[in-house]
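The values are calculated or read from the model by the stated rules, or taken from the named source; none is laboratory data. Just so we're clear, the structure is a prediction, and the values are computed from it rather than from any experiment. As a convention, Cβ positions derive from the backbone with ideal geometry for all residues, glycine included, and neighbour counts pool all protein chains shown.
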Amino acid sequence: MMLRLITMALLALGLTGCLKVPLHQGNVLSPAIVDSISIGDTRFEVESKLGDPILEDTLHPHRALYVEDYEDESSGER
């Protein structure tokens with residue numbers, strides 16, 4: 001009985017190692033939120049809607065970059 005329990009536990013641990021978790025990096029940008037941004041919005045308004053930018057350009061202080069990258073290894077979706 002103990003051997004069977006150990007075998008089942010090892011099998012369960014081995015199978016969980018095969019799981020590929022989708023990788024989501026950067027800002028989560030839904031189309032509705034992006035469409036709510038308009039020309040003339042202040043930096044504060046944009047950051048309150050989109051969150052903090054991923055990159056801030058030191059040479060261009062009025063430019064903020066938002067990047068979203070999604071990769072699902074199991075389906076190959078990007």
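Quick check: anything in the range 60-77 part of a loop (DSSP other than H, G, I, E, B), on the phi > 0 side of the Ramachandran plot, modelled with pLDDT under 75 and out of contact with any Gly (no Cβ under 6 Å at 6 or more places or on another chain)? Checking the range 60-77: at least one residue is part of a loop (DSSP other than H, G, I, E, B), on the phi > 0 side of the Ramachandran plot, modelled with pLDDT under 75 and out of contact with any Gly (no Cβ under 6 Å at 6 or more places or on another chain).
Matching residues to (1) on the phi > 0 side of the Ramachandran plot; (2) outside any helix (DSSP H, G or I); (3) surrounded by fewer than 10 Cβ atoms within 10 Å (Cβ to Cβ); (4) free of Cβ contacts under 8 Å to residues at least 12 places away in the same chain:
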site	(1), (2), (3), (4)
ALA12	no, no, yes, yes
GLN25	no, yes, no, no
LEU29	no, yes, no, no
ASP41	no, yes, no, yes
GLU47	no, no, no, no
PRO53	no, yes, no, no
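The residues of the range 21-37 that are modelled with pLDDT under 85 and either acidic (Asp, Glu) or over 17 Å from ASP52 (Cβ atoms) (or both), listed by number, are VAL21, PRO22, LEU23.
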